[in-house]
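Below: one structure, written as structure tokens.
Every number in this text was worked out from the coordinates using simple rules, so none of it is lab data. Predicted, not measured: the structure shown is a model, and the values here were computed from it. Here the Cβ is made from the backbone with ideal geometry for all residues, glycine too, and neighbour counts use every protein chain on show.
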Amino acid sequence: MTMPVSRNRVNPEQPSTPGTTGRRYGGIDPQERQRQRRTKLIDAGLAVFGEQGYHHSTVRDVCKQAQLTSRYFYENFDSMEALFKAVYTMVSRELMQTTIMALASCQPDPEKLAEASLRNFLEFIRQDPHRARVALIDAFNVGEGMSLLTDKASQDFAHLIAGFMHQMFPKLDAQGKLSFTMLANGLVGANTRIATQWVADRCKAPVDEVLLNTLTIFKACIAYARAQEAALG
């Protein structure tokens, strides 16, 4: 009698993890081969999660996409949640890198900086629906284990915004009349909520329309900060 193959997210009988010791093959040492397999699995995870969603994806789906056996999946990850965390971390890092590049080529003006970073964010998720689903939809539905990663990503962008505010409004910073950290967290939250709804609507609205509405919130904060700093003399 043939036993059915389990499609559970976590295999209750995980195969033993292959070692990373051994001889070079094709000029590549075992550690590098494992690193390459891990990268393939993360890329496959992005494709599978982005198409099917986390809760409808299995180890088998990911391995098929990566063209690797489950043996190599468990060499790198002990569960699908662990893989999802790695995929989310990759997407978050890529977004931060592109944001910093966009800011580096921008004029040192609050409105210009806000527009550059927001446009980069919207284009980043519009260009790849897989990234959009992972970062803005499934990341908040995977489980409690993801909250630390999503909170860290939000905090990283809030710190970036707060850092620019400290530079742009030094008088307010010295007076302590506004909490730049609190304000930056609010701006990140508002931007994330708008983008999440946009993704849920399959990005039907043009980028410029979404940008206009999101930028309005940032400009209001900038105008208020300018007025408060001017009042200080």
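Determine the principal axes of the Cα atoms in segment 30-78, then give the extent along each, sorted from largest to smallest and rounded to whole angstroms.
32, 17, 16
Pull up the cross-link candidates among the lysines for K152, meaning alpha carbon to alpha carbon under 21 Å and not fewer than 8 places away within one chain.
K85
Along segment 158-164, what does the Karplus equation 6.51 cos²θ - 1.76 cosθ + 1.60 (θ = phi - 60°) give for ³J(HN,Hα), rounded to whole Hz, x for Gly and Pro?
Once rounded to whole Hz, the list reads 5, 4, 5, 5, 4, x, 5.
Compute the length gained on full extension between A200 and E144: take 0.36 nm times their separation in residues and subtract their Cα-Cα distance, giving the result in nm to one decimal.
Gain on extension, A200 to E144, equals 18.0 nm.
Can you list the HN-Hα couplings for segment 97-102, worked out from phi with the Karplus curve (6.51, -1.76, 1.60; θ = phi - 60°), rounded to whole Hz and with x for Gly and Pro?
4, 5, 5, 4, 5, 5
Rg(Cα) of segment 125-181 divided by 2.2 N^0.38 Å?
1.55
Can you pull the Rg over Rh of segment 153-233, Cα-only, Kirkwood?
1.05
May I ask for the net charge around K177, where only other residues with Cβ less than 12 Å from the Cβ of K177 are counted and Lys, Arg are +1 while Asp, Glu are -1?
It works out to a net charge of -1.
Roughly speaking, what is the stretch gain from E51 to D156, that is 0.36 nm per residue apart minus the C-alpha to C-alpha distance, in nm to one decimal?
Once the chain is fully extended between E51 and D156, it gains 35.1 nm.
Hey, what do the phi angles of segment 34-50 turn into as Karplus ³J(HN,Hα) couplings, whole Hz, using 6.51/-1.76/1.60 and θ = phi - 60°, x for Gly and Pro?
Here the 3J(HN,Hα) series is 5, 4, 5, 5, 4, 4, 4, 5, 5, 4, 5, x, 4, 5, 6, 4, x Hz.
Just the Cα atoms of the chain, one point each, no solvent: what log10 I(q)/I(0) does Debye give at q = 0.10 Å⁻¹?
-0.58
Go through 76-82, 223-229 and give me the packing order, highest mean Cβ count within 10 Å leading.
Highest-to-lowest ranking by the protection proxy: 76-82, 223-229.
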